[in-house]
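Notes for the one structure printed next.
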C-alpha cells in the first residue's frame, strides 16, 4: 500500500512540474523597447504604443494608420520592422529607422534620445572626427543592453543619411 501511494504521489508531482514548465514557456513571451511592451493587435497599434508612451517617438504629419514614417527625437524617419504573429497579436522584434538627414545636430539629438533610455553608448566611432564634412556627419554609436540593443550610424551611400536599428532582447 505504501509503495503505490508513493508512486501516485511521485507521478502527481511530476505532472505538476511538467505542466508548469509547458505553460511558462508558451505563455510568457514579452518583448520591450524603451520599457514599452511591443505587442498588440496590429503593427499600427504597437507603433502607437511607442508614440503615446514615450517622448522620443511621434507621428509624422497626419499618418495614424499604415504608419511608414514617424519622428524620432525630432528627426523624420522611414520605418521598417520585423514582427512575429503570436496568440497575443503582433510582436515587433526589430525596428529599423532610415532618414536622409545626416547633420551633426540630428546625429546628436538621436544619440541623446537613445542615451537617456539606454545610458552612454558602449561603442562610439567617428570616421572623420567630430565635425561635419560638407554638411554630413560620419559616426557610429552602439548600445548593447540586456533588454535592447541599438545602433545609430551614417549610411554608406552617395545620398547619405542616418540609420537607427533597434533589436528587442527582453524575452521572458
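Could you please let me know if residue 122 is surrounded by fewer than 12 Cβ atoms within 10 Å (Cβ to Cβ), without any contact (Cβ under 8 Å) to a residue 40 or more places away in the chain and either farther than 17 Å from residue 165 by Cβ or in the same structural domain as residue 162 (by TED's automatic domain parsing) (or both)? Against the criterion (surrounded by fewer than 12 Cβ atoms within 10 Å (Cβ to Cβ), without any contact (Cβ under 8 Å) to a residue 40 or more places away in the chain and either farther than 17 Å from residue 165 by Cβ or in the same structural domain as residue 162 (by TED's automatic domain parsing) (or both)), residue 122 does not qualify.
The combined condition, being in the same structural domain as residue 41 (by TED's automatic domain parsing), surrounded by fewer than 17 Cβ atoms within 10 Å (Cβ to Cβ) and within 18 Å of residue 49 (Cβ to Cβ), is fulfilled by residue 80. Being under 16 Å from the mean Cα position of the chain (by Cα) and under 26 Å from residue 133 (Cα atoms) holds for only one residue in 82, 111, 49, 104, and it is 111.
For (1) surrounded by 13 or more Cβ atoms within 10 Å (Cβ to Cβ); (2) within 27 Å of residue 91 (Cβ to Cβ); (3) modelled with pLDDT of 95 or more, each residue gets a yes or a no:
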site: 126; (1), (2), (3): yes, no, no
site: 130; (1), (2), (3): no, no, no
site: 146; (1), (2), (3): no, yes, no
site: 156; (1), (2), (3): no, no, no
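Every residue in region 131-148 that is under 20 Å from residue 109 (Cβ atoms) and in contact with a strand residue (DSSP E or B) (Cβ under 8 Å, 6 or more places away or on another chain), please. Hits for region 131-148 are 136, 137, 138, 139, 140, 141, 142, 143, 148. Only residues that are under 15 Å from the mean Cα position of the chain (by Cα) and more than 24 Å from residue 80 (Cα to Cα): list them for region 120-154, please. The answer is none; no residue qualifies. The sole residue among 91, 86 that is at negative phi, in contact (Cβ under 8 Å) with a residue 40 or more places away in the chain and surrounded by 15 or more Cβ atoms within 10 Å (Cβ to Cβ) is 91.
The values are calculated or read from the model by the stated rules, or taken from the named source; none is laboratory data. Predicted model only: the values in this text are computed from it and were never measured. Virtual Cβ from ideal backbone geometry, glycine too; neighbours counted across all protein chains shown.
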